[in-house]
Amino acid sequence: MYSKIGILGGGQLGKMLCQAGSRLGLDITLMDKSVQSPGGTINPNFIEGDITDYQDALRFGQDYDVITIEIEKVNTEALKELENSGKHVYPQPNLISLIQDKGKQKAFYEENALPSSRYKNYDSIPALLQ
């Protein structure tokens, strides 16, 4: 049983995770830039920090048994280090890195015969405008 859960991000999804977790008696702490974030306004366990900053994300994650995210715009290098140190990180940092780049995500779908909408990657703005 995991006793302490840390969530990077305090937006709407973070708020909903805290609400559902409180009914289950889970010990959840959020980190986001402002306690005025949606999750920060309802969860007493809140730490102000930048989820995209390596040091902030690393320091935060060291105190929890399980680390998860509520938005993919997080520092995946810090999450990789946490995972390598034995922390349980879900989803795994390599998957988060994949979904951070929508072009890579679409290519992954295509390479693995997963259904997706049509797409085209452009290397630059001028290439897009041609």
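The values are calculated or read from the model by the stated rules, or taken from the named source; none is laboratory data. None of the values given here were measured: they were computed from a predicted structure. Positions of Cβ are generated from backbone atoms using ideal geometry, with glycine treated the same way; all protein chains shown enter the neighbour counts. These accessible areas exclude ligands, DNA and RNA; they are computed on the full protein's heavy atoms, side chains included. Shrake-Rupley method; radii C 1.70, N 1.55, O 1.52, S 1.80 Å.
Checked against the criterion of being open to solvent by less than 40 Å² (accessible area, probe 1.4 Å), at negative phi and within 14 Å of the chain's Cα centre (by Cα), the stretch 15-30 has at least one qualifying residue. Output the residue which, of all residues in the stretch 73-91 that are in contact with a helix residue (DSSP H, G or I) (Cβ under 7 Å, 6 or more places away or on another chain) and not charged (D, E, K, R), is nearest to Leu58 (Cα to Cα). That would be Ala78. Is there a residue being surrounded by 15 or more Cβ atoms within 10 Å (Cβ to Cβ) and of a type in the set (Ser, Thr, Tyr) anywhere in the stretch 97-105? Yes; the residues of the stretch 97-105 include at least one that is surrounded by 15 or more Cβ atoms within 10 Å (Cβ to Cβ) and of a type in the set (Ser, Thr, Tyr).
Can you confirm whether Asp56 is over 17 Å from Met16 (Cα atoms) and in contact with a helix residue (DSSP H, G or I) (Cβ under 6 Å, 6 or more places away or on another chain)? So Asp56 fails the test. Taken over the stretch 52-77, the criterion of being of a type in the set (Val, Ile, Thr), in contact (Cβ under 8 Å) with a residue 60 or more places away in the chain and open to solvent by 30 Å² or more (accessible area, probe 1.4 Å) is satisfied by Thr68, Ile71.
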